[in-house]
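Everything on this sheet refers to the single structure shown next.
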Amino acid sequence: MAASSRRLSSLLCRSLFFPCVSASSGITRGRGRIIQKFSTSASLEEPIAPAVEVQHSKLLINGKFVDSASGKTFPTLDPRNGEVIAHVAEGDAEDIDRAVLAARKAFDEGPWPRMSAYERSRIILKFADLVEKHNDELAALETWDNGKPYEQAAKSEVPMFVRLFHYYAGWADKIHGLTVPADGPHQVQVLHEPIGVAGQIIPWNFPLLMFAWKVGPALACGNTIVLKTAEQTPLTALYVAKLFHEAGLPPGVLNIVSGFGPTAGAALASHMDVDKLAFTGSTETGKVVLELAAKSNLKPVTLELGGKSPFIICEDADIDKAVELAHFALFFNQGQCCCAASRTFVHERVYDEFVEKAKARAMKRVVGDPYKKGVEQGPQIDSEQFNKVLKYIKSGVESNATLECGGERFGSKGYFIQPTVFSNVQDNMLIAEDEIFGPVQTILKFNDINEVIQRANKTRYGLAAGVFTRNIDTANTVSRALKAGTVWVNCFDVFDAAIPFGGYKMSGIGREKGIYSLNNYLQVKAVVTPLKNAAWL
C-alpha cells in the first residue's frame with residue numbers, strides 16, 4: 001500500500017492516465033468555417049458486464065439494512081445505456097428521523113465517543129484495510145453506478161479513499177485541547193469535544209471520495225453520522241458501510257439513507273436533532289441547505305459548492321505540456337468536477353498554436369465503455385446532466401463562440417458526449433460564466449497579467465485556479481492575486497489527504513481534508529477552575 005499511496009497525487013495531477021488513441025473524425029461545415037467533429041458511425045459496442053454484483057440496496061440504520069418506512073424504492077441507472085442496475089430503498093423524512101434517533105442514541109449512550117481515541121483509530125484502520133482488499137469490486141461498482149473509467153476508479157480513487165481513512169485514523173488520538181494562562185488564580189482548560197450527530201449529504205461525481213472526505217474526520221473526532229447519498233449513485237456507500245461494521249464500528253454510529261433532495265435531504269438539513277451539517281453539491285442547492293439549517297436549529301454548516309475555475313497559460317509556457325495539462329484539468333471525470341479548469345485563459349502570442357493543439361488533443365480523447373482498457377471518457381451521469389451540457393454547447397454556438405470540435409452526443413445509447421472545444425470565447429457568454437459540469441473546454445484570449453487576474457476573479461465562484469508559467473515571479477504574483485481556495489502552479493487536480501480544499505465566495509464555506517477538516521466536527525469548550533494557594537500562575 002505504501003508504494004501505491006505515493007503514486008496517488010501523480011495519478012490525479014497528470015493527464016497521462018491512458019494512452020492516446022486516435023478517434024475517427026469527420027468534417028462538416030458551419031458558420032462559414034470548417035468544424036471538425038467526431039464520427040458516430042461506429043456505434044458503441046454492447047456494454048461490458050461488470051465483474052461485481054449489487055449486494056446492498058436497503059437503508060443502513062442502527063447497524064442493520066432495512067427497508068424504507070414507506071416501502072418505496074427507486075431505480076439507480078447504468079449511465080452507459082440508461083438501464084436499471086438495481087432498485088434502491090427510497091428514504092424520506094420518516095427514515096431520516098429513524099436514522100437520527102439511532103445516531104443520537106449511539107452518541108449519547110453508545111461506546112464510540114467514550115472509547116479511547118486509539119481504539120477508534122484501530123477500527124478506522126481495520127476498515128481501510130478491508131476496503132483495500134475489496135479494491136476491484138468497489139471500483140467496478142463505482143464505474144457501474146457513475147460511469148467513470150474503471151482504471152480511474154481502481155488505480156486512483158479507491159486507493160485515495162484508503163489513504164484518506166489511514167490519514168484520519170492517524171489523527172484520532174492526536175486531537176487535544178489546551179491549557180491557557182489567565183489573569184488571576186484560575187486554571188483554564190480548552191477542550192475539543194465531538195460535536196454530536198453530523199448530517200452529511202454527498203454528491204454523485206465522486207461518491208467514494210466524498211464519503212471519505214466527510215465520514216473520515218467526523219468519525220476521527222468521535223461523532224456519529226447520518227449520511228444521505230446522491231440518488232444517482234447510492235451503491236458504493238452501502239457497500240463500504242457494511243465493511244465498516246465488519247471492522248467493528250458500533251451500531252448507530254454510521255447510518256446511510258438513500259433518497260432524494262427535496263425529501264430526505266431537506267429532512268436532514270432541517271432536523272432539530274442534528275448538530276452539524278456538511279453538504280457538497282451545486283451552489284443553488286447549497287443555498288437551500290443553508291437556509292433550512294438556519295431556520296431549524298441554526299446548526300453549523302460546511303458547504304463545498306460549484307466552481308468556474310480559471311487556468312492561465314502564460315506566453316512563456318511549454319505549449320505541448322500546457323495543452324496536455326489543460327486538457328486533463330477540464331476533461332477529467334467527464335468534466336464532472338467542481339474544480340474543473342473550465343475557463344482556459346491563453347496569452348495572445350501563443351493562442352492560435354494552443355487552440356490547434358487543444359483541438360487535436362480533444363479529437364484523440366478515447367470515449368467509450370468505461371470498463372474498456374484505454375478509455376479516457378465514459379458517459380455523463382444521467383439524462384438531465386446530458387441534456388444540460390448539450391444546451392450549453394448550443395448556447396456557445398448561438399453566442400458566436402467558435403466550435404472547434406465535438407458538440408454532439410457520442411453514439412446512440414447512454415449519455416456520452418463528444419469532447420468539445422470552443423475558441424474565441426468572451427467573458428459574458430454563458431459558457432464562460434456558468435458551471436457546465438461536462439466535457440466542454442472554453443478557451444479565452446488575454447494579453448496582460450493584470451488584465452487576466454481581473455478577468456479570472458470576475459466570477460461568483462472561487463473554488464480553484466491554475467497558472468502555467470516558467471517564471472516564478474509570475475507564478476507568485478498570480479497565485480496570491482487569484483481569489484480561490486486552491487491555486488495549482490504548473491499542475492492541476494493534485495489532491496492529497498493533508499491538503500485543505502474549499503472555496504471563496506459562492507464556492508462554499510469551510511474547508512475539507514487536512515487538519516482544517518477536523519475543526520468542522522469539534523466543539524470548543526473552556527473549563528475554568530479557581531486555584532487555591534497556587535505555587536505558580
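Couple of notes before you dig in:
- Matching residues in region 118-177 - criterion: being touching a His at 6+ places or on another chain (Cβ under 9 Å) and among the aliphatic types (A, V, I, L, M): I124, L125, A128, V158, I175
- Scanning region 497-519 for residues that are more than 18 Å from W171 (Cα to Cα) and of a type in the set (A, V, I, L, M, F, W, C) yields M506, I509.
- Given (1) free of Cβ contacts under 8 Å to residues at least 40 places away in the same chain; (2) outside any strand (DSSP E or B); (3) closer than 28 Å to V375 by Cβ; (4) open to solvent by 10 Å² or more (accessible area, probe 1.4 Å), number of the condition E119 does not satisfy: (3)
- Going through (1) surrounded by fewer than 22 Cβ atoms within 10 Å (Cβ to Cβ); (2) out of contact with any helix residue (DSSP H, G or I) (no Cβ under 9 Å at 6 or more places or on another chain); (3) not in a helix (DSSP H, G or I) one by one, R480 falls short only on (3).
- Against the numbered list (1) in contact with a Ser or Thr (Cβ under 6 Å, 6 or more places away or on another chain); (2) assigned to a helix (DSSP H, G or I); (3) surrounded by fewer than 22 Cβ atoms within 10 Å (Cβ to Cβ), E137 comes up short only at (1).
- The selection criterion, being in a helix (DSSP H, G or I), at pLDDT 95 or above, open to solvent by 10 Å² or more (accessible area, probe 1.4 Å) and out of contact with any Lys or Arg (no Cβ under 7 Å at 6 or more places or on another chain), does not hold for I96.
- Looking across region 456-477, the residues that are under 21 Å from the mean Cα position of the chain (by Cα) and either assigned to a loop (DSSP other than H, G, I, E, B) or free of Cβ contacts under 8 Å to residues at least 40 places away in the same chain (or both) come down to T459, R460, Y461, G462, L463.
- Members of region 393-418 found to be surrounded by fewer than 21 Cβ atoms within 10 Å (Cβ to Cβ) and among the hydroxyl-bearing types (S, T, Y), listed by number: S395, S399, T402, S412
- Single residue of region 419-468 satisfying the filter (open to solvent by 10 Å² or more (accessible area, probe 1.4 Å) and of a type in the set (S, T, N, Q)) that is farthest from V397 (Cα to Cα): N450
- Residue match in region 154-167 (condition: in contact (Cβ under 8 Å) with a residue 40 or more places away in the chain, charged (D, E, K, R) and open to solvent by less than 10 Å² (accessible area, probe 1.4 Å)): yes
- Residues being in a strand (DSSP E or B), within 15 Å of the chain's Cα centre (by Cα) and aromatic (F, W, Y) - total across region 488-514: 1
- Here region 56-73 is the region considered, the condition is being open to solvent by 50 Å² or more (accessible area, probe 1.4 Å) and either part of a strand (DSSP E or B) or modelled with pLDDT under 95 (or both), and the residue that is nearest to P379 (Cα to Cα) is T73.
- Residue match in region 173-195 (condition: of a type in the set (S, T, Y) and within 19 Å of the chain's Cα centre (by Cα)): no
The values are calculated or read from the model by the stated rules, or taken from the named source; none is laboratory data. The structure presented is a predicted model; accordingly, all values stated were derived computationally and were not measured. Don't worry about glycine lacking a Cβ; one is built from the backbone with ideal geometry, like all the others, and counts go over all protein chains shown. All accessible areas refer to the heavy atoms of the entire protein, side chains included, with ligands and DNA or RNA removed. Shrake-Rupley method; radii C 1.70, N 1.55, O 1.52, S 1.80 Å.
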